[in-house]
């Protein structure tokens, strides 16, 4: 199950992106692809175990 705090956005403010970017509601910022992999529980990672932001929320 993916992190409930992660969403993908195709724009921010007045800027449109070429592709959707991962946004973390806990950090209130766009995150790097590796962080999104943790959020999506890829590569034997688990957001509830490996993400310090999720654990602190």
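Bear in mind that the values in this text are calculations on the coordinates, not laboratory data. Note that the structure is predicted; figures quoted are calculated from it, not measured. As a convention, Cβ positions derive from the backbone with ideal geometry for all residues, glycine included, and neighbour counts pool all protein chains shown.
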Checklist outcome for this item: Counted residues in the stretch 3-24 being under 25 Å from residue 55 (Cβ atoms), over 8 Å from the mean Cα position of the chain (by Cα) and surrounded by 12 or more Cβ atoms within 10 Å (Cβ to Cβ) come to 2
Checklist outcome for this item: Reported set for the stretch 32-57 where residues are in contact (Cβ under 8 Å) with a residue 12 or more places away in the chain and farther than 16 Å from residue 1 by Cβ is 35, 53, 56
Item to check | Residues located in the stretch 30-40, provided they are out of contact with any strand residue (DSSP E or B) (no Cβ under 9 Å at 6 or more places or on another chain) and either over 19 Å from residue 9 (Cα atoms) or surrounded by fewer than 14 Cβ atoms within 10 Å (Cβ to Cβ) (or both) | outcome: 34
